[in-house]
Amino acid sequence: MFSPRTEIENLRREINRHNQLYYVQDNPEISDSEYDALLRRLKELEEAHPELVTADSPTQRVGAEPLKAFGIVNHPYPLLSLANAFSDTELEAWYLRVKKLLGNAAFQIDCEPKMDGLAVALTYRNGKFTTGATRGDGFQGENITRNLRTIHSIPLNTEEDAPPVFEIRGEVYLPKEGFAKLNRERADKGLSLFANPRNAAAGSLRQLDPSVTAERPLDIFIYALGYAEDSLLPDSHWQILEYFSRLGFKINPRNRLVNTLEEAKEYYREMAENRDSLPYEADGVVFKVDSVSLQQKLGDAGREPRWAIAYKFPAEQVTTLLRKIGISVGRTGTLNPYAILEPVNVGGVVVKQASLHNEDDILRKDIREGDTVVIQRAGEVIPEVVAPVLAKRSPESKPFSMEETLFNPKLSRPACPVCGGEIYRPAGEAMHYCANVSCPAQFERQLEHFVSRGTMDIRGIGESLSVILAQEGLVKNVSDLYYLTAADLLKLPRMGEKSADNIIKAIADSKSRPLDRVIFGLGIRHVGNETAALLSSRYGDIWALAGAGLDELQTIPDIGAKIASSIKAYFSEEKNIAVIRRLETAGVKLASDQKPSYKPLPLSGVEFVVTGKLDSLSREEAQQKIRSLGGTAKDNVTKATRYLVVGADAGSKLAKARSMGVKELSEQEFINMLEQS
Ligand SMILES: [Zn+2]
């Protein structure tokens, strides 16, 4: 007779092995009822001996108690997004760019189906799955560890030779069959249906009650290693995935490693043709440079790695009636034409409006009011009008003209639809603009942009309150926000004391947003979030940026003449400088925490180990600070360790470091070092 502990351990090992066979290798050895019997026996034993229950027991995959709320996980290395290609030409351009940057060196390409699911990062420590997080904004995600534990193809523990600490990334998805079944069940229960498998997968993963997640047939494919500490891995993405496959992770069997651009295109064609017969939704193919050292050499451009690209499948298309072409005013004064459509369902989403870009584009496609048009939606992007159906065109229809559409009979000239200002189109640009610098529509859009999530993220001021603040004259430029009082807000209709206080607090909180958000928020024409990030890391300070000359700006990779002169024009305007000064006086942070990138980081090449408990910051925070200054933070003392940061109750690492003669730093010495760096 075994002791309960031994029997529990044997059962867990056995069940984990069958999980692997069933969920990962698709090759079960026992029947479902035999499997259920093993699991039932384990549950009985654990109920009788609760002290023996562990977080990685297979019984924990089903129905842990509901989460109170999701915690936040900081990603030690950001989960970047991918650049997109929509045609062979764009794929070729990417390939040639990579080839050129690599000095014509040969490189292999990994081809992977682009799963339409939810990206997650899974962290393992000492062989155990400890943290699972959503991608979130790439830098911070939600902690959904307990929900991820319910997915059977995610190993709860790994074999002995796995790296001591590693993070692996994958896409959680709902197979088409599971999606159809889920919606049938929901229809039977009178619940609302999910529009598509991706929404269903995301909704399932973000359940507060893991037992709901457990009922959904979610699956995962691992597509990348985030990082692995203290281990020598091959210099090949393909071989790294093979290695993790041996450790029990599920890798898409349709992945392929190729040597040429032609083979990559062939892979894309095959996948696009077979797209409907795949058991899951894929919205394209991802191509990656296989060599990890070449990937590092290529680096990132803004928030996208240069060494990878997503080649999207052609989007879903439908036809509908274009009732009218409307014009809206953007935050930089752009006059944006858009199509007002007879509502139509495209891939599960009802579409009423579609983008029309600009006058040239409309004329090139010859899209007219009253036409039946083909519209398409690709992924998350706003739907666009592809082409008119000429056979259905009315003989009375007339070609589109921006000036005629904006003709104002009272003024006897074309005019901004909001303020009546004159319109103009700069030489070399496709957009028309409203010339009135105090056009209220522009400022309303600009204010909306400044407070929105991707910029200063001021909760409580949305679209409608932005408009009211601007129209009531309480906010005439963005710096006015920081001088508002609760009493000012209380004068507004339907504003209670509590919301007013919350808004004032949210405004105050926004003073410490990172510099790139501020730069993006200012609404400099042609400066999007990626350019803003580039400028922030390059200059590190708004005044350094404001003083940059035109030539200097143009030496920055990815910044051309158009962007450079727009930046220069913005900072040459006395009014704009005054706004920035008022932001500074109000205490808005206008410098980056990071040192400017064109100086080498002070701790580059220096390796730290942090041990014991620190008083003023957590170990993770300490490690993040080290990394942000260019250093490396490891968990184990090795010959490469330069400094051991010693907190309270330090144990074996301290002894080991002493035996190896590694320099020790007290918490205070460490903080001094950070401050001086
Ligand atoms: Zn206007």
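The values are calculated or read from the model by the stated rules, or taken from the named source; none is laboratory data. Because the structure is predicted, anything quoted here is derived from the model rather than measured. In this analysis, Cβ positions are derived from the backbone assuming ideal geometry, glycine residues included, and neighbour counts consider all displayed protein chains. These accessible areas exclude ligands, DNA and RNA; they are computed on the full protein's heavy atoms, side chains included. Shrake-Rupley method; radii C 1.70, N 1.55, O 1.52, S 1.80 Å.
How far apart, in nanometres, would the label points at T638 and T54 be if each is projected 7 angstrom from Cα along the Cα-to-Cβ direction?
If labels sit at T638 and T54, their model points lie 2.6 nm apart.
Determine, for each peptide in 87-93, 394-400, the mean count of other beta carbons within 10 angstrom over its residues, then list the peptides with the highest first.
87-93, 394-400
Within region 447-533, list the trypsin sites (Lys or Arg not before Pro) lying in a DSSP loop whose Cβ has at most 16 other Cβ atoms in a 10 Å radius.
When the trypsin sites (Lys or Arg not before Pro) of region 447-533 are filtered for loop state and at most 16 Cβ neighbours within 10 Å, R453, R459, K476, K491, R494 remain.
DSSP loop (so not H, G, I, E, B), at most 16 other Cβ within 10 Å: list which GluC sites (Glu not before Pro) in region 426-468 pass both filters.
In loop regions of region 426-468 (DSSP not H, G, I, E or B), the sparsely surrounded GluC sites (Glu not before Pro) are E429.
For region 83-312, just say rounded, prolate or oblate: build the C-alpha gyration tensor, square-root its eigenvalues into a ≥ b ≥ c, call rounded for a/c under 1.5, and beyond that prolate if a/b exceeds b/c, oblate if not.
oblate
Normalising by the residue count of region 515-585, find the relative contact order in percent from Cα pairs under 8 Å and 6+ residues apart.
Value for region 515-585: 29 percent.
Rounded to the nearest 10 degrees, what's the angle between the helix 667-676 long axis and the longest principal axis of the chain, both from Cα atoms, 0 to 90?
The answer is roughly 30 degrees.
Name the shape class, rounded, prolate or oblate, that the alpha-carbon gyration tensor gives for region 316-410, where a ≥ b ≥ c are the square roots of its eigenvalues, rounded holds for a/c under 1.5, and otherwise prolate holds if a/b is larger than b/c and oblate otherwise.
Oblate shape, in that a/c is at least 1.5 and b/c is the bigger or equal ratio.
Treating only the Cβ of Lys, Arg, Asp and Glu as charged (+1, +1, -1, -1), what charge dipole size does the chain show about its Cα centre? Round to the nearest 20 debye.
1160 debye
Would you mind computing, in nm to one decimal, how far apart the modelled labels at L193 and Q239 are, each placed 7 Å from Cα along Cα→Cβ?
If labels sit at L193 and Q239, their model points lie 4.9 nm apart.
For the chain, take the longest principal axis of its alpha carbons; what is the angle in degrees between that and the long axis of helix 88-101, to the nearest 10 within 0 to 90?
Helix 88-101 and the main axis of the chain meet at about 70 degrees.
Which net charge results when you count Lys and Arg as +1 and Asp and Glu as -1 among the other residues whose beta-carbon is under 12 Å from that of P305?
That sum, taken over residues with Cβ under 12 Å, equals +2.
How do 160-166, 172-178, 288-294 rank on mean C-beta neighbours within 10 Å, highest first?
172-178, 288-294, 160-166
Within region 94-126, which residues have the backbone N less than 13 Å from the label spot 7 Å out from N259 along Cα→beta-carbon, could you tell me?
106-109
Taking the Cα centre of region 113-190 as origin, work out the dipole magnitude from +1 charges on Lys and Arg Cβ and -1 charges on Asp and Glu Cβ, in debye rounded to 20.
Using only the charged Cβ atoms, the result is roughly 320 debye.
What is the calculated FRET efficiency for A430 to Q353, with r their C-beta to C-beta distance and R₀ = 22 Å, to the nearest 0.05?
0.65
Which FRET efficiency value, to the nearest 0.05, do you get for A506 and D276 by plugging their Cβ-Cβ distance into 1/(1 + (r/R0)^6) with R0 = 45 Å?
0.45
What ranking of S618, S153 comes out by heavy-atom accessible area, probe 1.4 Å, highest first?
Final ranking, largest accessible area leading: S618, S153.
Using a 1.4 Å probe, how large is the accessible area of D593, given in Å² and rounded to the nearest 10?
Per-residue accessible area (D593): approximately 120 Å².
Could you give each residue of region 350-357 its phi-based ³J(HN,Hα) in whole Hz, using Karplus coefficients 6.51, -1.76, 1.60 with θ = phi - 60°, and x for Gly or Pro?
With coefficients 6.51, -1.76 and 1.60, one gets 7, 10, 10, 9, 9, 6, 10, 6 Hz.
Would you kindly derive the ³J(HN,Hα) couplings of region 518-530 from the backbone phi angles with the Karplus curve 6.51 cos²θ - 1.76 cosθ + 1.60 (θ = phi - 60°), listing them in order in whole Hz, with x for Gly and Pro?
Per residue, the Karplus-derived 3J(HN,Hα) values read 5, 4, 4, x, 4, x, 6, 4, 6, 9, x, 5, 6 Hz.
Among DSSP beta bridges whose residues both lie in the chain, state the antiparallel percentage, nearest 5.
The antiparallel proportion sits near 85 percent.
In terms of solvent-accessible area of protein heavy atoms at a 1.4 angstrom probe, what is the ranking of R269, R13, R513, highest value first?
So the residues, ranked largest to smallest area, are R13, R269, R513.
Provide Rg and Dmax in Å for the chain, with only Cα atoms included in the calculation.
28.5, 99
Round to the nearest 0.05 the FRET efficiency obtained for S412 and F139 when R0 = 45 Å and r is the Cβ-Cβ distance.
0.30
Determine the distance separating the Cα centre of region 325-372 from the Cα centre of region 270-311; give it in Å without decimals.
30 Å
DSSP loop trypsin sites (Lys or Arg not before Pro) in region 385-452 with at most 14 other Cβ atoms within 10 Å of their Cβ, which ones?
Listed in order of number, the matching sites are R393, K410.
Just check region 126-254 against the gyration tensor rule for me: Cα atoms, a ≥ b ≥ c as the square roots of the eigenvalues, rounded for a/c under 1.5, and otherwise prolate or oblate depending on whether a/b exceeds b/c.
Judged from the Cα gyration tensor, region 126-254 comes out prolate (a/c at least 1.5, a/b above b/c).
So between R246 and R393, what do we pick up on full extension, going 0.36 nm a residue minus the alpha carbon distance?
Between R246 and R393, full extension yields an extra 46.9 nm.
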